[in-house]
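The next block holds one structure in the form of structure tokens; read it before the comments.
The values are calculated or read from the model by the stated rules, or taken from the named source; none is laboratory data. Here the structure is a predicted model, which is why all the values come from computation and not from measurement. Virtual Cβ from ideal backbone geometry, glycine too; neighbours counted across all protein chains shown.
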Amino acid sequence: MKIKYEFLTGERFEVEAPDVIGEVCVSIDRETANSNRRETRRHRYFSELAEQGKQLPDQGQDIPAILERKEMSRALPAALDKLLPQQRELILAVFYEGRSISEIAREQGVNEKAIRKRLKKIYQKLKIFLD
């Protein structure tokens, strides 16, 4: 019996083998093919789903949180516009320029507690504007 091999490169090779070994090789090939068919019968491949125009949701993303962040990013500029100019400047200095509270306090000639108190009032106003 002749046994045919095909390598990944596409090269084919035939070997003469006794019938007993040939039958074993054929049964192994048959069992491998059956096993593959059993496995693929139960599974769907992502490539097949994409070809059909279907997509699976990404379980790693929290869709409601993403939508809430997008909504907040639209509402925040409007809320900041409702603040007093000094309050807006303080928010810009802390969050956009990354300056420390102690640095701002030194610059304005007040203590850090005063700056924290101002920020607390700003947060309360923003919460009202955003709700």
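Give L49, L8 a once-over and let me know the one that is of a type outside the set (S, T, Y) and within 35 Å of the chain's Cα centre (by Cα).
Going through L49, L8 in turn, just one is of a type outside the set (S, T, Y) and within 35 Å of the chain's Cα centre (by Cα): L49.
Regarding segment 109-116, can at least one residue be identified that is among the acidic types (D, E), over 22 Å from D131 (Cβ atoms), under 38 Å from the mean Cα position of the chain (by Cα) and at pLDDT 90 or above? Checking segment 109-116: not a single residue is among the acidic types (D, E), over 22 Å from D131 (Cβ atoms), under 38 Å from the mean Cα position of the chain (by Cα) and at pLDDT 90 or above.
Of the residues making up segment 91-118, those that are within 17 Å of L80 (Cα to Cα) and surrounded by 12 or more Cβ atoms within 10 Å (Cβ to Cβ) number 5. No other residue among I104, I91, I66 is under 30 Å from Y123 (Cα atoms), part of a helix (DSSP H, G or I), in contact with a helix residue (DSSP H, G or I) (Cβ under 7 Å, 6 or more places away or on another chain) and without any contact (Cβ under 8 Å) to a residue 24 or more places away in the chain apart from I104.
Taking segment 73-88 as the range and being within 18 Å of L130 (Cβ to Cβ) and either in a helix (DSSP H, G or I) or of a type in the set (K, R) (or both) as the test, the residues that pass are S73, R74, A75, L76, P77, A78, A79, L80, D81, K82, Q87, R88.
Could you list all residues from segment 110-131 that are hydrophobic (A, V, I, L, M, F, W, C), in a helix (DSSP H, G or I) and more than 21 Å from A78 (Cβ to Cβ)? Give the derivation first.
First, the residues of segment 110-131 that are hydrophobic (A, V, I, L, M, F, W, C): 110, 114-115, 119, 122, 126, 128-130.
Next, from what is left, pick out any that are in a helix (DSSP H, G or I): 114-115, 119, 122, 126, 128-130.
Across segment 110-131, the qualifying residues are A114, I115.
Do we have any residue at all in segment 21-28 that's more than 34 Å from the chain's Cα centre (by Cα), exposed (fewer than 11 other Cβ atoms within 10 Å of the Cβ) and of a type in the set (G, A, S)? Yes, segment 21-28 contains a residue that is more than 34 Å from the chain's Cα centre (by Cα), exposed (fewer than 11 other Cβ atoms within 10 Å of the Cβ) and of a type in the set (G, A, S).
Which numbered condition trips up G60, out of (1) in a helix (DSSP H, G or I); (2) modelled with pLDDT under 90; (3) small (G, A, S)? The single condition G60 does not satisfy is (1).
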